[in-house]
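A short write-up of the structure that comes next.
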Amino acid sequence: MTRRPLLNTMWSWLTGRAGSPRTEPPHHSPNALYELKDHRSYRDSSDGTRAVGLSGERMRRYARHLEQNHDLAKGALDRLVQFVIGPTGIGIEPLPKTPDGEIHTDFQAALLEAWRDWSQWPEVTWELDWIAVQRLLGRAWLRDGEALTQLLVGPHPTLDHGTRVPFSLELLEADFLPLSENDPARNLIQGVQRNAWGRPILYWLYKHHPGGVLPRDLSLKPVPAERLLHLKLIERLGQVRGVSVFASTLQRLNDVHEYETSERIAARIAANITGALRTDIPEHYTPDPGPDGQPVPRDLSLHPGMILDNLRPGETLDFYDPKRPNGTLEPFRNGQLRAVSAGVGLSSSSLMRCYDGTYSAQRQELVESGGHYQMLSRLFIGQFVRPVWQTFVRIALQSGVVARPADLDARRLDDAEFQPPTLPWIDPQKEANAQALRLEHYLASPQQLIRERGGNPVEILNQWQKWHALLQQRGLPAATPRTPALLPDPPENAS
């Protein structure tokens, strides 16, 4: 084969155009093939929606496969849910205001009381409370790139809400919204029907999960956009469907998984290989005769502590050294996981479960990764938690479960503070000193610091008030919190 046909074949393979009319690469540089391969993605002019349509479903399936079969992928997802959603979910502090801007405490208390009742049975199956709803929905949102929630309000013939406020959530996986459902005449793209400005007006959903255990009706039903919350992770403007948080790291995670599997198999094989019998006089090797005169194979099996005393003249036993387990496995694996952590947005120490390093290094990692967690938390709040809270307040008022006071600002009745999970302190003494300095110099309010730690200022004050009342009833001195002593920070390398 001449040089030019060989280059043409390589070019077809590199660009994925085998079998199509070839476009020959320029040959003015010995690195022309590498340069064109490296920059071939620049020819992609499709929008984000089309890109997801080509690979979104396969990406979603593979992300689920890794979660189920790769401990590192599952661990990464666990930590993301922990840092983005939190062990107690996103906290909600109602802040309804009066016309003069003051918090209406009576209405606030009534909303909280109704919310506590509703949060025990917020979804249609009665199997999940509000915290579990956030955890499972957030997990599906991060893993699959999107998740759906239907808002069911008011009386339904076959639905018992189970709470005083007639409002329930139906949690749906992304599979209910078909990627293949397109109709240009109706501006229907990947199951989402939009108006001329690109705003969703209808979602076309399967009536049952297309991959369910029982055969189901796979016809579609329209759901108005105001009744459906579509959580999605998007990276491009105008993108209709979301992509998994693992999208850019799926190949690397798969490679690490297969490499570790190969190393484990190699170590198991090495553990079963002992050695080989070598003799300088092959013709002298004959099996020993048995009682019947027939040759009996020699028994050279080994066991721990055995001394070989049955070797014949000229025989040696060479033990095989497979060099397994591989001493370079962990450094290589950790290097790959650091790259994965950058793509997923998870701190490398959390992914690798390695928490060594100085305070400054750990603090820097916490600051950088914490910002990404906060960004995802705010995205989850905007797409799910806030709309659910606003719908709850509206239905609570419409159903008469919560009475609307006359001195309430109608524009501020569903105002609330949403509290993402707080990251733990690395050094409590340093963190407490920093909080004390912020209070001392009026850089923060006590309410702000309490919210930053995931607490509700009103509830904490109520608890302190009740505690002081109990102390007074028993004749004990009242306890008051002390400002942390501003002690000097320990040395950087202190243990």
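The values are calculated or read from the model by the stated rules, or taken from the named source; none is laboratory data. This one's a predicted model, so the numbers in the text were calculated from it and none came from an experiment. Because the Cβ atoms are built from the backbone with ideal geometry, glycine has one as well, and the counts that use them run over all protein chains shown. The area values use the complete protein model at the heavy-atom level, side chains included, leaving out ligands, DNA and RNA. Shrake-Rupley method; radii C 1.70, N 1.55, O 1.52, S 1.80 Å.
Which entries of Lys430/Lys466; Lys97/Lys466; Lys74/Lys430 show an alpha-carbon separation above 27 angstrom in the structure shown? Can you show the working numbers first?
Values: Lys430/Lys466 31 Å; Lys97/Lys466 25 Å; Lys74/Lys430 33 Å.
Distance filter (> 27 Å) returns Lys430/Lys466; Lys74/Lys430.
Report the gain in length on full extension from Thr279 to Arg199: 0.36 nm times residue separation, minus Cα-Cα distance, nm rounded to one decimal.
Working: separation 80, 0.36 × 80 = 28.80 nm, distance 8.22 nm.
Length gained, Thr279 through Arg199: 20.6 nm.
Please find the FRET efficiency linking His65 to Arg268, where r is the Cβ-Cβ separation and R0 is fixed at 22 Å, and quote it to the nearest 0.05. Working shown, then result.
Values: r = 24 Å, r/R0 = 1.07.
With a Förster radius of 22 Å, E is 0.40.
Could you tell me which label, among (1) 24.7; (2) 47.0; (3) 22.2, carries the value of mean projected area of the Cα convex hull in nm² calculated for this structure?
Computed from these coordinates, mean projected area of the Cα convex hull in nm² corresponds to label (2).
So what does Asp415 come to for accessible area, using a 1.4 Å probe and Å² rounded to 10?
About 40 Å², rounded to the nearest 10.
Apply the Karplus parameterisation 6.51 cos²θ - 1.76 cosθ + 1.60, with θ equal to phi minus 60°, to every residue of the range 193-210 and state each ³J(HN,Hα) to the nearest whole Hz, in sequence, with x for glycine and proline.
9, 10, 8, 5, 9, x, 8, x, 10, 9, 10, 9, 10, 5, 6, 9, 4, x
So how far apart, in nm, are the two label points at Glu235 and Ile131 if each is 7 Å from Cα heading toward Cβ?
Label-label distance for Glu235 and Ile131, simple model: 3.4 nm.
Top to bottom by accessible area (1.4 Å), largest first, where do Leu111, Leu277, Leu95 land? Mind dumping the intermediate values first?
Numbers: Leu111 0, Leu277 65, Leu95 25 Å².
Ranking Leu111, Leu277, Leu95 by accessible area, largest first, yields Leu277, Leu95, Leu111.
Helix 359-380: angle to the longest alpha-carbon principal axis of the chain, degrees 0 to 90, nearest 10?
Approximately 60 degrees, to the nearest 10.
Could you give each residue of the range 439-448 its phi-based ³J(HN,Hα) in whole Hz, using Karplus coefficients 6.51, -1.76, 1.60 with θ = phi - 60°, and x for Gly or Pro?
Along the range 439-448, the couplings run 5, 4, 9, 6, 8, 7, 9, x, 4, 5 Hz.
Mind giving me the FRET efficiency for Lys323 and Val367? R0 is 45 Å, r the Cβ-Cβ distance, nearest 0.05 is fine. Could the numbers behind the result be given before it?
Details: r = 42 Å, r/R0 = 0.92.
It comes to 0.60.
Could you state the angle between the C-alpha long axis of helix 250-271 and the longest principal axis of the C-alpha atoms of the chain, as a value from 0 to 90 degrees rounded to the nearest 10?
Here the helix axis deviates by roughly 40 degrees.
Out of residues 5 or more away from Ala416 or on other chains, whose amide H comes under 5 Å of its own, with H placed 1.01 Å from N in the peptide plane?
Leu95
Rank these residues by their accessible area, most exposed first, probe 1.4 Å: Leu136, Leu188.
Leu136, Leu188
For Ser301 and Leu379, compute 0.36 nm times the residue count separating them, minus their Cα-Cα distance, and round to one decimal in nm. Could you put the intermediate results ahead of the total?
Numbers: separation 78, 0.36 × 78 = 28.08 nm, distance 6.40 nm.
So the chain would gain 21.7 nm between Ser301 and Leu379.
How far apart, in nanometres, would the label points at Lys207 and Asp106 be if each is projected 7 angstrom from Cα along the Cα-to-Cβ direction?
The two pseudo-label positions are separated by 5.0 nm.
Can you give the accessible area of Thr49, probe radius 1.4 Å, in Å² rounded to 10?
Probe radius 1.4 Å; accessible area of Thr49 about 10 Å².
Over the chain, what is the percentage of antiparallel beta bridges among all DSSP beta bridges, to the nearest 5?
Numbers: 35 of 36 bridges.
Taking every DSSP beta bridge with both residues in the chain, the antiparallel ones total about 95 percent.
Please list, ordered by chain and number, the residues whose modelled amide H lies under 5 Å from the amide H of Leu228; skip anything fewer than 5 residues away on the same chain.
Here Leu151 satisfy the definition.
Can you give the accessible area of Phe319, probe radius 1.4 Å, in Å² rounded to 10?
130 Å²
If you stretched the chain out fully between Gln447 and Ala469, how much longer would it get, using 0.36 nm times the residue separation minus the C-alpha to C-alpha distance? Could the numbers behind the result be given before it?
Values: separation 22, 0.36 × 22 = 7.92 nm, distance 2.21 nm.
Working it through step by step, the gained length comes to 5.7 nm.
Residues in the range 126-147, backbone N under 20 Å from the label point at Ser248 (7 Å along the Cα-to-beta-carbon vector): list them, ranges by number please.
Only 141-146 pass the distance filter.
Could you work out the relative contact order of the chain, using alpha carbon pairs under 8 angstrom and six or more residues apart, expressed as a whole percent? Present the calculation step by step, with values, prior to reporting the outcome.
Numbers: 569 pairs, mean separation 92.5, N = 495.
After rounding, I find 19 percent.
For the range 379-397 and the range 189-227, write down the distance between their C-alpha centroids in whole Å.
22 Å
Between helix 457-473 and the chain, what is the angle of the helix's C-alpha long axis to the longest principal axis, kept within 0 to 90° and rounded to the nearest 10?
It is inclined by approximately 70 degrees.
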